[in-house]
Each structure stands twice: as C-alpha cells, then as structure tokens.
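Derivation of every value follows stated rules applied to the coordinates shown; laboratory data play no part. Predicted model only: the values in this text are computed from it and were never measured. Here the Cβ positions follow ideal geometry from the backbone for every residue, glycine too, while neighbour counts run over all protein chains shown.
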Amino acid sequence: MTLRLINFVALISLVVSLALGALWVRGFWVSDEVLWTRAGGSGSEADELVWQFVAGGGQVGLARIHHHVTFRSPDDAALIRSDLERHTGVRRSSVAPAVGPRGAESVWNRLGFYGAWTTSRTRGVAVFTDGRSRVNAAEKVTTLRWAVVPSWAAVALTFVPSAWWLQRAWRRRRERRRANLGLCTRCGYDLRATPGQCPECGTVSTRPGLGTMGST
Ligand SMILES: [Zn+2]
C-alpha cells in the first residue's frame, strides 16, 4: 500500500467513525433512515434492489433487499417495472426510536449483534400496482441480507484504521524529536557520548552525530 492510500483510508475511517458517533448521540432522540432503491429487469421479469441504512436507539443497521419477480406475461412485468421506476432513488426519513429486533437468543444477540442472509422463493404470488390492482406473478425470489450492530461497535470498528494511523504518527514524531535531541530513537537514552550506537538497547543510529551538532 502506498502512503497516500494509507492516509486516505485513515481519513475516511476517521470521518465515518465521527459520523457514526454523531448518529449515536442523535439516536437517543431520533432514528435516521436512508433508503436507496433501484429497479430493473426486462422481458417478463422485474427487479427491485433496496439498500437500507438505519441508525438510532444505540444501534446501526444495514440491509440489502432484492426482489426478483417473474411474471406470466411481459405486459404484466412492464406494468410493475414502471411502478418500481417511480420509487427509485434516495429517500431519507427520520423515524421515531429504536431500530432492529430486540430480544435475546444467542450471546451475540444479547450483545446487540443481529443479522440474516436468507433467500425465499414463492410461486404463484400476487403483486400489486400503485393503483392497487392485482397482477399475478409466476415466481418471486427475495434475497435478504441485513446486519444490526450496537453503535459502540460500529464507532470502534471504523475508528481502528485512524487509531493505528494516529499511533504511528505519534511514534514517528517521538523518534524525530529524540533524534534531534541526540537521544536514542528507540529508548530515549542520551547518545551524545556514543553517537554511533545506543549502549542501552543496541540500536544503531541512522543519523550519527546529529545530536552533537546541537539542535537545528
Ligand atoms: Zn536505545
């Protein structure tokens, strides 16, 4: 990885972590939901893909919902597709309190982690248009993937890259400062008498004599 990419990842991690932290606090009063919907399909098929992000009540949830419907005729499919296309795009709403299911089952559930990855297949289903007229479809396949995690976990996980970056930056700064002062970069031992190598930890100085010249 190049340094530029590392810096970029660390910055994104910091921004996302801070945003999730802000949503966590805001979530004590209000939950936020963002839906991103896409429609597709051709012939006698219609597709709808929904990405859902919810934050509030101490939890963060992400879901991907995909419906694939096969109709008996291309006309029926076209009718439903035109309805679906009207509902595409990004919608944002602020809903009341908590998100995700509650109730403990496993250890993970008790800690606030939930998720599912399911596919259901239904034959002979009815699909309704916006005008509530009924269209009979041959088959509907729904793929559902979702995960709900506690806000603290979302903030902590997204903060990991920036925490690593900050720790690395702090260590480098300390090494630079020690080198400028003529101290061992590793243990901080005074190297002015022995500029080549640290008598304390054995680290060979890469900048011998810098300290003996005085500070810059
Ligand atoms: Zn040393």
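Counted residue by residue at 0.36 nm each, then reduced by the alpha carbon distance between them, the extension gain from residue 75 to residue 177 reaches 29.3 nm. Placing pseudo-labels 7 Å out from each Cα toward the beta carbon at residue 87 and residue 2 gives an inter-label distance of 4.4 nm. Helical runs (DSSP H, four residues minimum) scored at -39500 (n - 2.57) apiece and divided by the length of the chain put the mean residue ellipticity at 222 nm at -11500 deg cm²/dmol. Among 67, 87, the ranking by other beta carbons within 10 Å of each residue's beta carbon, starting with the fewest, stands as 87, 67. Paramagnetic label reach from residue 9 (point 7 Å along Cα→Cβ; backbone nitrogen cut-off under 16 Å): within the stretch 152-180, residues 157-169. Each principal axis of the Cα cloud of the stretch 27-150 was taken in turn, and the coordinate range along them, longest first, works out to 48, 29, 21 Å. Seen against the Cα atoms of the chain and their longest principal axis, helix 3-26 is set at about 60 degrees.
Here is the tail figure for the chain: Cα pairs spaced more than 21 Å apart come to 71 percent of all pairs. Between helix 74-86 and the chain there is an angle of about 50 degrees, using the helix long axis and the longest principal axis of the Cα atoms. From the largest down, the stretch 79-183 spans 82, 36, 29 angstrom on the principal axes of its Cα atoms.
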